[in-house]
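Everything on this sheet refers to the single structure shown next.
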Amino acid sequence: MARIQIPIDVITSRLNLSDRFAGVRSQSITARFANLKPISEFLDLKRLSKPANFGEVHNYAAVFVMLSIYSLLTNWTLLFDIILVVGGMWGIGKLGGEDLVVGTFRATSSQLYTALLVVSVPLGLYASPIGTLLWLIGASGVTILGHASFMDKPIDEAFSGEAV
């Protein structure tokens, strides 16, 4: 079987990589980092403030809820497992402590809870809830902190830090 060989210069010439990075190569490392703000200004804790009112907190909570819904809609297995557990608990609770009788089959509430546990825990582990939770924390953090970083401070607070 013959190998397919693609010359690398064909790919790089179409992407024009040599011209794109020419400016970066001509600068020294110190010149590239000269325009960065010092770390003390970047992590200035005096400029951090709590939300002004409940409306701002509510907006961030709404973003978190929308990202939670999105994460469940994109992870069908986890959504199914949550619906299975909630529906199973509701169904077992509707029995009121009585046994479930289907034809000749009889199951106590304890057996039903055990069956629900045996089915839902492995399915829940397969659905990777920890990965979904970590994605949710990361996406919420990037969205909320990104939004907060672009918000302007009120004019009276902008000058209060300079007087101190």
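Each reported figure results from applying straightforward, stated rules to the coordinates on display, with no laboratory input. This one's a predicted model, so the numbers in the text were calculated from it and none came from an experiment. All Cβ positions, glycine included, derive from the backbone under ideal geometry; neighbour counts span all protein chains shown.
In this rough spin-label picture, where each label sits 7 Å from Cα along the Cβ direction, the His58-Leu145 distance is 2.7 nm. Of the residues Pro122, Ala148, Leu100, the one whose Cα sits farthest toward the positive end of the charge dipole of segment 43-154, with +1 on the Cβ of Lys and Arg and -1 on the Cβ of Asp and Glu, is Ala148. Rg and Dmax of segment 50-151, both derived from C-alpha coordinates alone, stand at 19.6, 66 Å. Report the calculated FRET efficiency for Tyr70 and Ala115 (r = Cβ-Cβ distance, R0 = 22 Å), to the nearest 0.05. Calculated value: 0.10. Distance between the pseudo-spin-label points of Arg106 and Leu123 (7 Å out from Cα toward the beta carbon): 2.7 nm.
For segment 40-132, run through the GluC sites (Glu not before Pro) and keep only the ones in DSSP coil with at most 13 other Cβ atoms within 10 Å of their Cβ. Before the final figure, lay out each step's value.
On the way: sites: Glu41, Glu56, Glu98; in loops: Glu98.
Those that pass, being in a loop and sparsely packed, are Glu98.
Annotation: extensible slack from Ile130 through Asp99 equals 7.7 nm (criterion: 0.36 nm per residue apart, minus Cα-Cα distance). Using 1/(1 + (r/R0)^6) with R0 = 41 angstrom and r between the beta carbons of Leu84 and Asn35, what's the FRET efficiency to the nearest 0.05? The computed FRET efficiency comes out at 0.15.
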